[in-house]
Amino acid sequence: MTLLAIPVPADWDLDLQDLADDYADDGPGAAGALASEPDVVAPDPAALAAVGPDERTALLDAYVRGELGRVLHVAPGSIDVAGRTMNSLGVGSINGLELQARMEAALGIVIDLQRLLRANSAAELIDCLAGQLGPEDSPHKSAARRGTGTPAAAA
């Protein structure tokens, strides 16, 4: 069934297979992604708990930049993590849901979508994650780890 037929000049060089290949599935989680999109590797939660706060924050900074870059389709290094709100970075409800789901699955924690979307900066989100994933006492520790049955407050 053809819904719309648009005549295309014969001299146009359209290779629909090349276009389809550009959007090919490169593996788990890559559906609809450009083939050249880099993989974002999440730090191991156990390793995060084993390192000091500064190193944990640095690891999470790299990870969050990578995830933001993936959902916003920008280079991770170009993301201003300290000076712009999540909304002004371009994180809205749809890509916020994607970001939340990716980080929850990778880190094994619960992230409150409203807090993620209303964060004053990506640095604030990173600090919350660092507090949740470390062994130290933190105001963010009230956030539940996935599967513990405790209430979720989150990043």
Q | Loop GluC sites (Glu not before Pro), region 81-140, which have at most 14 other Cβ atoms in a 10 Å radius of their Cβ (DSSP) | A | GLU136
Q) In terms of the Cα gyration tensor, with a ≥ b ≥ c the square roots of its eigenvalues, is region 63-140 rounded because a/c is under 1.5, prolate because a/b exceeds b/c, or oblate? A) prolate
Q: Enumerate the amide H contacts of ILE109 below 5 Å, restricted to partners 5 or more residues apart or on another chain; note that Pro and chain-start residues carry no placed amide H.
A: ARG146
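Any read-out appearing in this document is the output of simple, stated calculations on the displayed coordinates, not a laboratory observation. Only a predicted model underlies this, so the values are computations on that prediction, with no experimental measurement involved. Methodologically, a virtual Cβ is constructed for each residue, glycine included, from the backbone with ideal geometry; neighbour enumeration extends over all protein chains shown.
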